[in-house]
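Notes follow the structure.
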Amino acid sequence: MYDYGTFSFESKAQVLERAKTFWNPDKTQFWTDVGVDLVIDRREGYFLWDMSGRRLIDMHLNGGTFNLGHRNPEIRQALIEGMEYFDVGNHHFPSVARTALAEKLIETAPWLSKVAFGSGGGEAIDIALKSARHATQRRKIVSIVKAYHGHTGLAVATGDDRFAKLFLVDRPDEFIHVPFGDVGAMEQALSGRDVAAVIMETIPATYGFPLPPTGYLEAVKDLTVRYGALYIADEVQTGLMRTGEMWGITKHGIEPDILVTGKGLSGGMYPITAAILGERAAQWLDQDGFAHISTFGGAELGCVAAIKTLEITRRPEVRSMVHDIAEIFSTGLRRIQSDYPDWFIGIRQNGVVIGLEFDHPEGAKFVMRELYENGVWAIFSTLDPRVLQFKPGLLLSRDICDDVLDRLQVAVGRARTAAVGGGRQAQREPTSRGATTDG
């Protein structure tokens, strides 16, 4: 019996069965089919424990949600103390917690001026897109092919057609997709001077973390200025020090008109996201402050957690740790790659934003499964399953870094054997349908 206080289950098998019955049958079955029967039980720091007792080192972090580790003790304590005074709050009125967090966020991006809060990343993207449309009085939005910006109303239309078409929200007349890295295609999309905004992840996560070609993001920013569009930087996965700087976009010398943050903003302890707006994008807040209403957006307990998260993340020693961790993995990954140059063919890295590319159409699924069986959890990229998303935490110790690299070396070798036709995995080929690994 697994007793969680207000509810209990007899076994993991019962959880899986009831998840299919009452929650999400397709997603539950998908993970079973690819050999990942994970039901997370205990979690602490950078470790997860499955209900069966298996311990995993978390190198997925739910897309950076757990940058500072699971149940970070400083953030937990801040929430415990906050609950003595705060709850969700009332979104209609000024709030000490929301105001304090908004000010802290502007401190991290001082060229921007206002903050609008959401409870999930897709909602924050929707706020950004609505703000751009209001500011420009234009409807068209440009994003990249194979983009991912969430699953809410406007956000899903900016991403891959797989989900936009499912919910009948694909609007090619309003949502234009251009290839990543193609400046000419971007200029053609903008040249009609009828585009409200370009939205891009600084490094597209669900597409496998392809690094932007030198000068590409800078050129896109210049084009938005030339043609009167806004630049929206989706920093949900590349922000909060994951590239070694607070916001990945600033490493390119770019000050976006809108910056979106989420996932790790509250340390994985309370859902909160934000669209940080420049003066032009924030005009609607002066015109009609009730134009976007979110009961749980900017929930006061979420603000408490986020303020502590920002304080930890901005410590000089944390920034130094990220640079050290990035170097440890850069060196270790190159060493592993040299052992399997015909299989492990690419390392995409900026700080602790890392994608590992394999020479098989679904190579990352083989490696993911071998890592899972060898005590590490990392996930393939939905829109390019050749690439494994590999996401070290910001506070990872040297010992854990070395342990992960040792386990990865074993998993890469075993996955290569399986992928080329030998071993048990070749008989259970990963399904070609992908989960949505936004994280």
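What to note about this one:
- Carbon plus sulfur fraction of accessible area for the chain, probe 1.4 Å, in percent: 51 percent
- Contact order normalised by residue count of the stretch 196-261, Cα under 8 Å, 6+ apart, percent: 36 percent
- Scaling against 2.2 N^0.38 Å puts the C-alpha radius of gyration of the stretch 210-345 at 1.30.
- Spatial separation of Cα centroids for the stretch 82-128 and the stretch 348-392, in angstrom: 33 Å
- Dipole in debye (nearest 20) - the chain, about Cα centre, beta carbon charges: Lys, Arg +1; Asp, Glu -1: 400 debye
- Accessible surface ranking that places the most exposed of Thr214, Thr417, Thr28 first, with a 1.4 angstrom probe: Thr214, Thr417, Thr28
- Backbone N under 13 Å from the Phe30 label point (7 Å along Cα→Cβ), restricted to the stretch 151-169: 151, 162-164
- Taking the DSSP beta bridges with both ends in the stretch 163-294, the antiparallel portion is around 35 percent.
- Ranked from largest to smallest solvent-accessible area, with a 1.4 Å probe on the protein heavy atoms, Leu217, Leu383 come out as Leu383, Leu217.
- Take every DSSP beta bridge whose two residues both sit in the chain; close to 65 percent of them are antiparallel.
- A simple rule links phi to the HN-Hα coupling: the Karplus curve 6.51 cos²θ - 1.76 cosθ + 1.60 with θ = phi - 60°, which for the stretch 240-247 gives 6, 6, 5, 8, x, 10, 4, 10 Hz, with x for Gly and Pro.
- Accessible-area ranking of His177, His92, largest first, probe 1.4 Å: His92, His177
- Taking 0.36 nm per residue of sequence separation and removing the Cα-Cα distance, the Phe22/Asp288 pair yields an extension gain of 91.7 nm.
- Calculated FRET efficiency, Arg171 to Arg193, Cβ-Cβ distance, R0 = 25 Å: about 0.80 to the nearest 0.05.
- Ranked by how many other beta carbons lie within 10 Å on average, peptides 271-284, 397-410 from highest: 271-284, 397-410
- Scattering curve values for the stretch 329-402, log₁₀ I(q)/I(0), Debye with Cα scatterers, q = 0.16, 0.20, 0.22, 0.25 Å⁻¹: -0.55, -0.88, -1.07, -1.34
- Cross-link pairs beyond the 23 Å C-alpha cut-off, checked among Lys130/Lys221; Lys12/Lys146; Lys140/Lys221; Lys12/Lys165; Lys27/Lys365; Lys165/Lys365: Lys12/Lys146; Lys12/Lys165; Lys165/Lys365
- Cα gyration tensor, the stretch 245-309 - rounded (a/c under 1.5), prolate or oblate: oblate
- Accessible area per residue for the chain is 41 Å², calculated with a 1.4 Å probe on protein heavy atoms, without ligands, DNA or RNA.
- Residue-level accessible surface for Lys146, protein heavy atoms, 1.4 Å, Å²: 70 Å²
- Relative contact order, whole percent, for the chain stands at 20, derived from Cα pairs under 8 Å and 6 or more residues apart.
- Value of relative contact order over the stretch 112-158, rounded to a whole percent, pairs C-alpha under 8 Å and six or more apart: 42 percent
- Distance between modelled label sites at Ile345 and Ile106, nm, 7 Å Cα→Cβ extension: 5.0 nm
- All lysines inside 21 Å of Lys104 as judged from Cα atoms, apart from same-chain residues fewer than 8 positions distant: Lys114, Lys251, Lys263, Lys308
- Top of Ala306, Ala291, Ala419 by mean-square fluctuation, Gaussian network on the chain, Cα under 10 Å: Ala291
The values are calculated or read from the model by the stated rules, or taken from the named source; none is laboratory data. What you are looking at is a predicted structure, and each value in this text was computed from that prediction instead of being measured. All Cβ positions, glycine included, derive from the backbone under ideal geometry; neighbour counts span all protein chains shown. These area figures cover heavy atoms from the full protein model, side chains too; ligands, DNA and RNA do not enter into them. Shrake-Rupley method; radii C 1.70, N 1.55, O 1.52, S 1.80 Å.
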